[in-house]
Structure formats: structure tokens, C-alpha cells
Amino acid sequence: MNDNKTEEVRSTINKESWISRYSIFVGRINEVPIYINFSFAFVFILIAWTLSSTILPTIYPGLVQSTYIIIGIVCAFISLFSILLHEVGHSIIASNYGIKFQKIVLFALGGIALNPIEITVPKKEIRMAFAGPLISFIISGLSLILWFIFFQNRMFITQNFPIDGIFFYSGMINLVIGLFNLLPVFPCDGGRILRSFLSYYTHDHFKATIATIKIGMIISLCILVIGAAIALKFSFVSGIWLMLVAFFLMRVSKLNYNQYQDLYS
């Protein structure tokens, strides 16, 4: 396959995406530029508001409102840094292979590391793809251990500021981030891992990519149906959120499908 055309397609994905266009530069980690998309501000506010107004008052009744707000904001920042560290995990492994990401962008539904080079060696891609979830699981495990220690011994916990709840949130959000990214939907980490296995057995990187994208579309459609059922039967907000995730995955899958199909024309 023509390398120039491959690079052209990847450049189009990277430059024209709204995720890249509507983002602000906030710093560098491991020499990789870090950007935050405007959409993340909505999620940040939603997390802080939901926790401070409904969840925390239910779990820890009787605290002053300012305490709920502070904990909600802290948890929102934990979500931000958890996603960032997940993407940095990919960056570290990529740098070991001599690959430097163009940028890492954090947006409403997670993070994305824009990579100028298409990795076609299955073992390398599996290691790089799994690095992010591994970081998330490590943070989750450490957070839940600290939560258990603090909760059992009441260490450093005052009646007015339940710090154990922060550790519990960190454990759960990182667990969710790790598991979500392992969904076999391209270009999620799980999708890249699936593509690597298919590529290894078929010896055809591009056909493996197309097959993975098709599988991911089916899974995304299933998530959409589940989200609709949850919205109708249980929690409207949770169901709508899951449906938004499914729509996003389907949109990205379709974009990647069209771009990779162009490689055959």
C-alpha cells in the first residue's frame, strides 16, 4: 500500500477532526503536547454538579454544601488526570518504539493520542494499546486499597470531610476507564488489540482493520440499544449518556471505515 497515501489519510483524520480544532494547549508530558477540548468543560461541570448535588449528599448526609462542592470538583479533576495518565501510558510505550505522538487531546468522552505513524507490527500495537488500560487498572487498584484502609481504620477522616469517598471515586472511575477502553471497537484500545490479533493471523493489516471496524460498529449498535433500554426503564440520564457514547463510537468507526476504504481505491 502506498505509504504517502496512508500518511495523507491519517493526516486528514488528525487535522480535520473537531476534536483537534476546538482544543487549547495546556502543557507537555514526555515531550508530547497536551490539549483539552472545549467539550471536556461540560463533562467537568456535569461530574462536579452531579456528585455535589445528588450522590454525595445521599452517601454522606449532613455536611455543609461547600464540602459537597469541593469534593465534587476534586473528583472532576481526578477524572481529568485519570484520562490523561491513561493516554500518557500509550505515549511512554510508543516512545520506546521511537514513535512520538503529535498530541494528546482530552475531550468529553475520554482522550485520544494522535499518532503520525501507523503501527503494523501486531505485538508492538498490542503492547502500546494495553498500556493505557494497565495504567488505569493500577491507579484503580491503588485507590481502592487506600479507600479500604481509610474506610476500615477511619484514618485522616473527619466527620466534615470524608476523604475515603474521593479514593473510592478514583478507584471506580479508573476501573471504568480501563474497561471501557478495552471494548473491541476501533479505534479504542480493545479495537486495536483485536485488529492486531486479526492482522497476526491473516497477515493483512488493512483487511484486519476493516474487519475490526465492522465488529466495532455492531458492538456500538448493541450499546445504543442497551442505553435506550436503560433510559426507558431505569435511569434516563445514564441511558442518554450511554447512547451518546454509542453514537460517538459509531461516528468514529464510520469515519475510520471510510478513510481506510480509500486506501484500497
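Each value in this text was obtained by applying a stated rule to the coordinates, not by laboratory testing. Source: prediction; values computed, not measured. Counting neighbours? That spans all protein chains shown, and the Cβs are built from the backbone with ideal geometry, glycine included.
Of note:
- Computed about its Cα centre, the charge dipole of the stretch 134-265 is approximately 200 debye, with only Lys, Arg, Asp and Glu carrying charge at their Cβ.
- Most positive-pole-ward Cα, ILE145, GLY132, LEU255, against dipole of the chain from beta carbon charges: LEU255
- Electrostatic dipole magnitude of the chain [Cβ: Lys, Arg +1; Asp, Glu -1; Cα centre; debye, to 20]: 180
- Stokes-Einstein diffusion coefficient of the stretch 1-181, Kirkwood radius over Cα pairs, 10 °C, 1.306 mPa s, in µm²/s: 89
- For the stretch 183-265, dividing the convex hull volume of the Cα atoms by the residue count gives 70 Å³ per residue.
- Counting only Cα atoms, the stretch 107-239 measures 59, 39, 24 Å along its principal axes, largest extent leading.
- Amide proton proximity set for LYS103, modelled H, under 5 Å, gap of 5+: LEU114
- Stretch gain in nm, segment TYR201-ILE92, where the contour uses 0.36 nm per residue and the Cα spacing is subtracted: 36.5 nm
- Rough spin-label spacing in nm, given labels placed 7 Å along Cα→Cβ, for ALA41 and PHE77: 1.9
- Residues whose amide H falls under 5 Å from that of VAL185, counting only those 5 or more places apart or on a different chain, are GLY190, GLY191, with hydrogens built in the peptide plane.
- Computed extension length for THR120-LEU179: 18.8 nm, one decimal, from 0.36 nm per residue of separation with the Cα-Cα distance subtracted.
- ILE29 long-range amide H proximity, modeled H, under 5 Å: ILE34
- Computed over the stretch 129-195, the quotient of the alpha carbon radius of gyration and 2.2 N^0.38 Å is 1.39.
- Helix runs (DSSP H) in the chain reaching 18 Å along axis by Cα, Kyte-Doolittle at least 0.5: 65-96, 122-153, 163-181, 205-233, 236-261
- FRET E, pair PHE247, ASN160, Förster distance 30 Å, beta-carbon r, rounded to 0.05: 0.10
- Positive-end residue, the chain charge dipole about Cα centroid, Cβ charges, pick of ILE83, LEU183, PHE42: LEU183
- Between ASN153 and ILE69, the simple label model (points 7 Å from Cα in the Cβ direction) yields a spacing of 3.4 nm.
- Likely footprinting exposure, VAL88, VAL74, fewest C-beta neighbours within 10 Å first: VAL74, VAL88
- Qualifying chymotrypsin sites (Phe, Trp or Tyr not before Pro) in the stretch 164-236, where qualification requires a DSSP coil assignment and no more than 10 other C-beta atoms within 10 Å, comprise PHE234.
- Dipole axis of the chain (+1 Lys, Arg; -1 Asp, Glu on Cβ), positive-most option in LEU114, ILE215, ILE70: ILE215
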